[in-house]
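A short worksheet on the structure shown next.
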Amino acid sequence: MLQFIKNLLGTQKSLLQETDPMKKFLVVGLGNIGAEYEETRHNIGFKVLDFLAEEESLTFESAKLGAVATFKYKGRSILCLKPSTYMNLSGKAVNYWMEKESIALDNVLIITDDINLPFGTIRLKTKGSDGGHNGLKDIQNTLQTSQYPRFRFGVGAEFSKGRQVDYVLGQWNVEEAAALPERLKKSTELIRSFVFAGVKNTMNQFNGT
């Protein structure tokens, strides 16, 4: 009877078996679903998590409001999320999985593209404005705070006036595509450091590299 009621209410079992809230993390890569977006600059969040999945031999599974995968690292439990809500509704997915898995805001890491940084530059911050980024804007509006860790991956700003949308939704050029694997490797190292060493130590080690 209890199971029937749970099914009726749509209650799902937690994906993270960890009971210590300080050891549970949510890593969110921002992007847009669909094959046409896969290799675009705006989808670097998805790209980083896909690279991490390859390193950890993970498979993303469809779940509520996104694709998810979990793994453990040095005693920490990590839920990786690629929202399926499209960029401008990212906050809905982030908030759902934070609440479902009881993950503290300080243990959430949002991965996003940033036109204000040169291509390949990585920058970890504990707070900040949305910078005009629709995904960050929706997360801030949904969570009612701008004080959450975010990993900004520079995509550069090589576009003329009025062409920003075309640029971020455009594909990597030849030089960028060639340099991406090394940058993705550095990005997954940053994620593991964030989870194990903490945000400040990670900022000191990786910012600007």
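For the chain, the share of DSSP beta bridges that are antiparallel, to the nearest 5, is 55%. Gyration tensor over the Cα atoms of the chain: the corresponding equivalent ellipsoid has semi-axes (square roots of 5 times the eigenvalues, largest first) of 28, 19, 16 Å.
Each of THR19, THR121 was scored by other Cβ atoms within 10 Å of its Cβ. Listed from fewest to most, they are THR19, THR121. Among beta bridges from DSSP that stay inside region 98-155, the antiparallel ones total about 45%.
Which of the peptides 129-140, 52-63 is most tightly packed, and how do the rest follow, judged by the mean count of other Cβ atoms within 10 Å per residue?
129-140, 52-63
Of the trypsin sites (Lys or Arg not before Pro) found in region 97-127, those in coil by DSSP whose Cβ has at most 14 other Cβ atoms within 10 Å are LYS127.
Taken one residue at a time, the phi angles of region 86-94 give Karplus couplings (6.51, -1.76, 1.60, θ = phi - 60°) of 6, 3, 6, 10, 4, x, 4, 5, 4 Hz. Gly and Pro are set to x. Here ILE103, ILE44 are placed in order of increasing Cβ neighbour count within 10 Å, fewest first, which gives ILE103, ILE44.
Take the Cβ atoms of ASP106 and VAL174, set R0 to 22 Å, and the FRET efficiency comes out at 0.05. A straight chain from LYS200 to GLU158 at 0.36 nm per residue would run longer than the Cα-Cα distance by 12.0 nm. Under the combined filter of DSSP loop state and at most 14 neighbouring Cβ atoms within 10 Å, region 12-60 retains these trypsin sites (Lys or Arg not before Pro): LYS13. For the chain, the 222 nm mean residue ellipticity estimated from helices alone, with every DSSP H stretch of n ≥ 4 adding -39500 (n - 2.57) and the total spread over all residues, rounds to -11500 deg cm²/dmol. Taking only Cα atoms, what is the 0 to 90° angle, nearest 10, from helix 174-197's long axis to the longest principal axis of the chain? The angle comes out near 40 degrees. Between GLU182 and ASP166, the distance separating the two model label sites (each 7 Å from Cα on the Cα→Cβ line) works out to 3.1 nm.
By the count of other C-beta atoms within 10 Å, a proxy for reagent exposure, ARG152, ARG163, ARG192 are ordered fewest to most as ARG163, ARG192, ARG152. For PHE71, the residues whose amide H sits under 5 Å from its own are ILE78, CYS80, ignoring neighbours fewer than 5 places away on the same chain, with H placed 1.01 Å from N. Here is the result for region 107-202: no GluC sites (Glu not before Pro) lie in DSSP coil with at most 11 other C-beta atoms within 10 angstrom of their C-beta. Note: relative contact order over region 21-206, using C-alpha pairs below 8 Å and six or more positions apart, is 26 percent.
We did not get these values from a lab; they are worked out from the coordinates using the rules stated. Remember, it's a predicted structure, so these values are computed and weren't measured experimentally. Quick reminder, even Gly has a Cβ in these numbers, built from the backbone with ideal geometry, and neighbours come from all protein chains shown.
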